[in-house]
Amino acid sequence: MVKRGPTNPLTLSLIAKLRATKAPVWRRAAELLQKLTRDKVEVNLTEISRFAAEGETIVVPGKVLGTGSLSAGKLSVASHGISLAAAEKVKRSGGKVYTLEELAKQNPEGKNLRLFS
């Protein structure tokens, strides 16, 4: 039988760490990271701007792409992957960029986060 889902050891380690937490947001992020490659979450900055308010912390269990502009103001974005253009635009708007693992360590309870799926 062929194994479905991620095979990267770093991704598998991240999934295990997120599952070990008690916060529902991190468990849901782990579920989304286990999807097949073609079903992974990809979010553009335009979509984040449309649904996020200034000062929010956004969690993307996938990749953030740099298409569009970030008009929501200062946002913190945590993702499994982010394009260079997207990272630059977030930083230019005064926001911060995190990996999922960094944010899970800082906020293990998963409070005040918005999950994009």
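Brief remarks on what is shown
- Dipole moment magnitude, nearest 20 debye, segment 55-117 about Cα centre, only Lys, Arg, Asp, Glu C-beta charged: 180 debye
- Kirkwood radius, segment 71-117, all distinct C-alpha pairs, inverse of mean reciprocal distance: 11.3 Å.
- Only helical runs count toward this figure. For the chain, summing -39,500 (n - 2.57) over DSSP H runs of n ≥ 4 and dividing by all residues gives -11000 deg cm²/dmol at 222 nm.
- Taking segment 103-117 and a reference point 7 angstrom along Cα→Cβ of Lys35, the backbone N atoms nearer than 16 Å belong to 115-117.
- Stretching the chain fully between Glu42 and Glu102 yields a gain of 19.6 nm (0.36 nm per residue, less the alpha carbon separation).
- Paramagnetic reach from Asn112 (point 7 Å along Cα→Cβ, amide N under 19 Å) across segment 55-77: 55-60, 72-77
- Relative contact order (%) - segment 9-115, alpha-carbon pairs under 8 angstrom, separation at least six: 26 percent
- For segment 66-72, Karplus couplings with θ = phi - 60° (6.51, -1.76, 1.60), whole Hz, Gly/Pro x: x, 5, x, 10, 9, 9, 7
- Between the listed residues Ser69, Asn112, Pro9, the Cα displaced farthest toward the positive end of the dipole of the chain, a dipole computed from Cβ unit charges relative to the Cα centre, is found at Pro9.
- Using distinct alpha-carbon pairs, which all enter the 1/r mean, Kirkwood radius of the chain in Å: 14.3 Å
- Hypothetical label at Ala20: residues of segment 88-117 whose amide nitrogen lies under 17 Å (7 Å Cα-Cβ projection): 100-110
Values quoted throughout were computed directly from the atomic coordinates according to the rules given, and no laboratory measurement underlies them. Quick caveat: nothing in here was measured; it's all calculated off a predicted structure. Counting neighbours? That spans all protein chains shown, and the Cβs are built from the backbone with ideal geometry, glycine included.
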